[in-house]
Each structure stands twice: as structure tokens, then as C-alpha cells.
Amino acid sequence: MKRKTRTITVNHQQYVWWYTFHDNMASVIISPVHDKTAAITIQFANKSFPFQSDDTPITIGYFPEYITIEKDHEAECLKTLSPRMVNLILNHVSADSFKCRNHIVYDAFDFFADMGYTVTDMKTGIYW
């Protein structure tokens, strides 16, 4: 059976991360190993598919599986639910983001824009 959480070490600090799917969105949740109540969430929303408005459960959804980001005329294609993406995120959040019983939610595309990246392409994946 696969583990639901994964461990990553960035700048000599250990973190756990996991992901969830909901409403045509994939969310990556990251927290320090020693305190899982201190977390940040990066939401990769698929804005090309509308959210379901009634109470009918969504059984199939589409999320941004791969995005191409560009900075200084250099493009890079990243899988949104990968350790490389988590590493990139952790290198750009401040240590103050992880406070006990504090959960911060970021929109991924705004987060990348704040880092100076432009999202130039997106390929969707399917979850069910």
C-alpha cells in the first residue's frame, strides 16, 4: 500500500507533503515534520472547467497535471504533484509561514506570479 504522506528535505529542514483532489482542483499540502498543524496549501485550480454548483458529488474531475512556467526566457515543464514542485514551493516560502495551528492557502498561479514566473501552458489530468 502506498503511503499517503511523503517526506522531503529542503535546506536541511524536513517536511511532509501530500495532495488531495476536489472541485477540478489539486491541492498540495506541506508541513514541517515536527508540527503538522503548521501547514501551507497550494491549490492548482483548473479554471477551464466550471465547478459543480449543486450537491451532486463529483466523481470525475480535471486538474492541472503539468504546467509550463517561464522566467527570464527559460521555460520549465513541471508535474504539479511532484517532489520537484514541492521543492520549488519550499524554496520560495518564508520560514514564518509555518506557525503552530496556522494554515495558509495560496492559489498556485498567483504564487508563481509573485515569484516572477509566467505560466505559459497547462495540461490537464483526470482524477476519479
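The values are calculated or read from the model by the stated rules, or taken from the named source; none is laboratory data. Just so we're clear, the structure is a prediction, and the values are computed from it rather than from any experiment. FYI the Cβ positions are ideal-geometry reconstructions off the backbone, even for glycines, and counts take in every protein chain you see. Areas reflect the complete protein model, heavy atoms only, side chains present, ligands, DNA and RNA absent. Shrake-Rupley method; radii C 1.70, N 1.55, O 1.52, S 1.80 Å.
So the values come out like this:
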| item | result |
| --- | --- |
| Inter-label distance for VAL119 and ASP23, nm, one decimal - labels placed 7 Å from Cα along Cα-to-Cβ | 1.5 |
| Pair ASP72, LYS36: separation of 7 Å Cα→Cβ label points (nm) | 3.8 |
| For GLU65, solvent-accessible area (1.4 Å; no DNA, RNA or ligand), Å² | 50 |
| With every protein chain in place, the chain: carbon and sulfur % of accessible area (1.4 Å) | 50 |
| Partners for LYS4 among lysines (Cα-Cα distance below 27 Å; same-chain residues under 8 apart left out) | LYS36, LYS47, LYS79, LYS99, LYS123 |
| Stokes-Einstein translational diffusion, the chain - Kirkwood Rh over all Cα pairs, 0.692 mPa s, 37 °C, in µm²/s | 212 |
| At R0 = 35 Å, FRET efficiency that the Cβ-Cβ distance of ASN91 and ILE126 yields, to 0.05 | 0.75 |
| ASP110, ASP35, ASP72, ASP121, reordered so the largest accessible area comes first (probe 1.4 Å) | ASP72, ASP110, ASP121, ASP35 |
